[in-house]
1. Within region 1-22, identify whether any single residue is charged (D, E, K, R), in a strand (DSSP E or B) and touching a helix residue (DSSP H, G or I) at 6+ places or on another chain (Cβ under 7 Å), and answer yes or no.
2. Among what's in region 26-40 and is surrounded by 14 or more Cβ atoms within 10 Å (Cβ to Cβ) and closer than 17 Å to Met1 by Cβ, pick the residue that is nearest to the chain's Cα centre (by Cα).
3. Only one of (1) assigned to a loop (DSSP other than H, G, I, E, B); (2) at pLDDT 95 or above is not met by Leu30, so which one is it?
Amino acid sequence: MIAVTRLNGSRFAVNPDLIERVQENPDTTLVMVGGATYVVRESLPEVIALIAEFRALVIATAHAYTPGDGPRLSVLRGEGDSIAAAEAATAAGAAAAAAPTPIRPTER
């Protein structure tokens, strides 16, 4: 999220991924993907710099992230946080996917 300022001085945050365009004539207006428009105090170059800084922060955070640092979660029901169970389920799914599926039924 980037923080910008309305003309009345109130600050708010907006998701830069949802900004469709930024126009300056003479006030800077953020036009969102959903059609909403926001008039802000920041100039066009300032808004562009805020967006670039936000995206750089996202990339830097992703590069610094180590998967083993966070909690271990499982998307398998009833398996808890077991990594071994997840790996076993993945191996079983791969074995099932390796078996050919007949195009037509083999028995009538």
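1. no
2. Per the criteria, the residue is Met32.
3. Here Leu30 clears every test but (1).
The values are calculated or read from the model by the stated rules, or taken from the named source; none is laboratory data. The model shown is predicted, which means the values in this text are computed figures rather than measured ones. In this analysis, Cβ positions are derived from the backbone assuming ideal geometry, glycine residues included, and neighbour counts consider all displayed protein chains.
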